[in-house]
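Here the structure comes first, spelled out in structure tokens, and everything after it is commentary.
Just so it is clear, none of the values below were taken in a lab; they were calculated from the coordinates. Here the structure is a predicted model, which is why all the values come from computation and not from measurement. Neighbour counts run over all protein chains shown; Cβ positions are idealised from the backbone, glycine included.
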Amino acid sequence: MPRPIQASLHIGALANNLARSRAAAPDARVWAIVKANAYGHGIERVFEGLRAADGFALLDLDEAQRVRTLGWRGPVLLLEGVFEQRDLELCSRLDLWHAVHCDEQIDMLATHKTHVPHRVFLKMNSGMNRLGFTPSRYRSAWTRLNALPQVDEISLMTHFSDADGARGVAEQMAVFASVTRDLPGERSLSNSAATLRHSLPLDAASDANNWAASDWIRPGIAVYGSAPDFPEHSASDWGLQPTMTLSAKIIATQTLSIGESVGYGSSFVAEQPMRIGVVACGYADGYPRICPTGTPVLVNGVRSHTVGRVSMDMLAIDLTALPAAGFGSEVTLWGRAANGAVLSIDEVARCAGTVGYELMCALAQRVPVVVAA
Ligand SMILES: *Cc1c(COP(=O)(O)O)cnc(C)c1O
């Protein structure tokens, strides 16, 4: 019998979340972002749930190849573009669209030999200062690209630093709008947060400079059922469903008298008599070691919490109020329990001082994964 832990992926939830993202920008086409192996889910495993996407966007050429191997003939976009000259040969061969964010990438294109010109997304650094041409250099980059026989259509792209927070997207949107005003081509601006928070058709209609909903949105985290702006909004506020459940079983129970401790470092000491469950999940499975006592879990679908330090292969939970739970009981670390109750990955991430993205991406290789409806 294998160790009783598993991750379940929910194909119907992926399709629901993709549809929710699309509904926020109904006139746009949707890049399903599948970088980082589909945010830790596995590209091959989630593909069926994301079939309704208009294209797949990612960073890694190897992942792009895997999307083609799945039989996807539609658009595939490399969000960081190419890293070296020979990557362009793969772009030509697999018909990959690619971002162009720096002069070096234009240099590589200018010497690339191809019969079929490439579709490119010219990236503007509109304030995030990560990738892209600054507003003052953007148009000259466009002109240079436009003169290359290796280049077909040029789309215009930028990325927001604060779509999930108080600063919002207005400043970056205004920069993008003013620099690109008379340039032809499709636009792509919005990640999940910008799509859900800033692209409502009403907003866009009242503001001619609001490009948030055009022409290609780029939802990632929303597709994987996590709220981009938790705790201001929860996933369920946005109509998003968990796509990954991490569950394990109780493999032992202990009873504590007042003053007894649990786990390494004796960081938790019982102040009253307690019953403890030991769960077959630890930091080597991707459950953050930093989660403190009190991090929520579901036991047979009922909320409880962790106690003491998370160790490599196990963690401890409080069963004092759950006398029916014991050896073999199902514990949901995040996601959906068998009774339908949901523990949002965002809540657990918050206890760890991080975001749902990091938890799903860190699911360990050793955890068996099952794909469910
Ligand atoms: C990762 C990424 C996205 C998706 O971001 P989410 O916050 O997960 O929606 C969109 N655009 C670019 C350029 C990205 O790198």
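Please list 3J(HN,Hα) in residue order for the stretch 86-99, calculated via the Karplus relation 6.51 cos²θ - 1.76 cosθ + 1.60 where θ = phi - 60°; whole Hz, with x for glycine and proline.
So the Karplus estimates, Gly and Pro as x, are 6, 4, 5, 5, 5, 4, 5, 5, 9, 6, 9, 7, 9, 5 Hz.
When the chain is modelled as a GNM with alpha-carbon springs shorter than 10 Å, which of THR245, THR320, THR255 fluctuates the most?
Of THR245, THR320, THR255, the most mobile in the Gaussian network model is THR255.
Taking LYS35 as the anchor, which lysines have their alpha carbon closer than 23 Å to its alpha carbon, excluding any fewer than eight residues away along the same chain?
Qualifying lysines at Cα under 23 Å: LYS123.
What 222 nm value per residue comes from the helices of the chain, counting each DSSP H run with n ≥ 4 as -39,500 (n - 2.57) and dividing by all residues, nearest 500 deg cm²/dmol?
Mean residue ellipticity at 222 nm (helix-derived): -7000 deg cm²/dmol.
Given DSSP loops and a limit of at most 10 other Cβ atoms within 10 Å, what is the longest stretch of the chain that contains no such GluC sites (Glu not before Pro)?
My reading of the result: 85-270 is the longest stretch.
Considering just Cα atoms, how many Å³ per residue does the convex hull of the stretch 1-159 enclose? Present the calculation step by step, with values, prior to reporting the outcome.
Details: hull volume 23.3 nm³, N = 159.
So the per-residue Cα hull volume is 147 Å³.
With 37 Å as the cut-off, how large is the P(r) tail for the chain, expressed as percent of Cα-Cα pairs?
29
Using a 10 angstrom cutoff on alpha carbons, build the Gaussian network for the chain and name the most mobile of HIS98, HIS41, HIS233.
HIS233
Which of the trypsin sites (Lys or Arg not before Pro) found in the stretch 134-191 are in a DSSP loop and have at most 10 neighbouring Cβ atoms, other than their own, within 10 Å? It would help to have the intermediate numbers written out before the result.
On the way: sites: ARG137, ARG139, ARG144, ARG167, ARG181, ARG187; in loops: ARG167, ARG181.
Sparse-neighbourhood loop trypsin sites (Lys or Arg not before Pro): ARG181.
I need the phi-derived Karplus couplings for the stretch 140-147: 6.51 cos²θ - 1.76 cosθ + 1.60, θ = phi - 60°, integer Hz, Gly and Pro marked x.
5, 5, 4, 4, 5, 4, 5, 7
Considering Cα pairs under 8 angstrom that are at least six residues apart, work out the relative contact order of the chain and quote it in whole percent.
Relative contact order here is 18 percent.
Please sort by residue number the chymotrypsin sites (Phe, Trp or Tyr not before Pro) in the stretch 67-133 whose DSSP state is loop and whose Cβ has at most 15 other Cβ atoms within 10 Å.
On the way: sites: TRP72, PHE83, TRP97, PHE121, PHE133; in loops: TRP72, PHE83.
Sparse-neighbourhood loop chymotrypsin sites (Phe, Trp or Tyr not before Pro): PHE83.
Give the long-range amide H neighbours of VAL151: residues separated by 5 or more places, or on another chain, with amide H under 5 Å away, using H modelled in the peptide plane at 1.01 Å from N.
Residues meeting the criterion, in which the H sits 1.01 Å from N, are HIS118.
Under 5 Å between amide hydrogens, which residues at least 5 positions from PHE133 or on another chain qualify, with H placed 1.01 Å from N in the peptide plane?
It is LYS123, MET124, ASN125, by chain and number.
Restricting attention to the stretch 257-309, which trypsin sites (Lys or Arg not before Pro) occupy a DSSP loop and are surrounded by at most 15 other Cβ atoms within 10 Å?
ARG289
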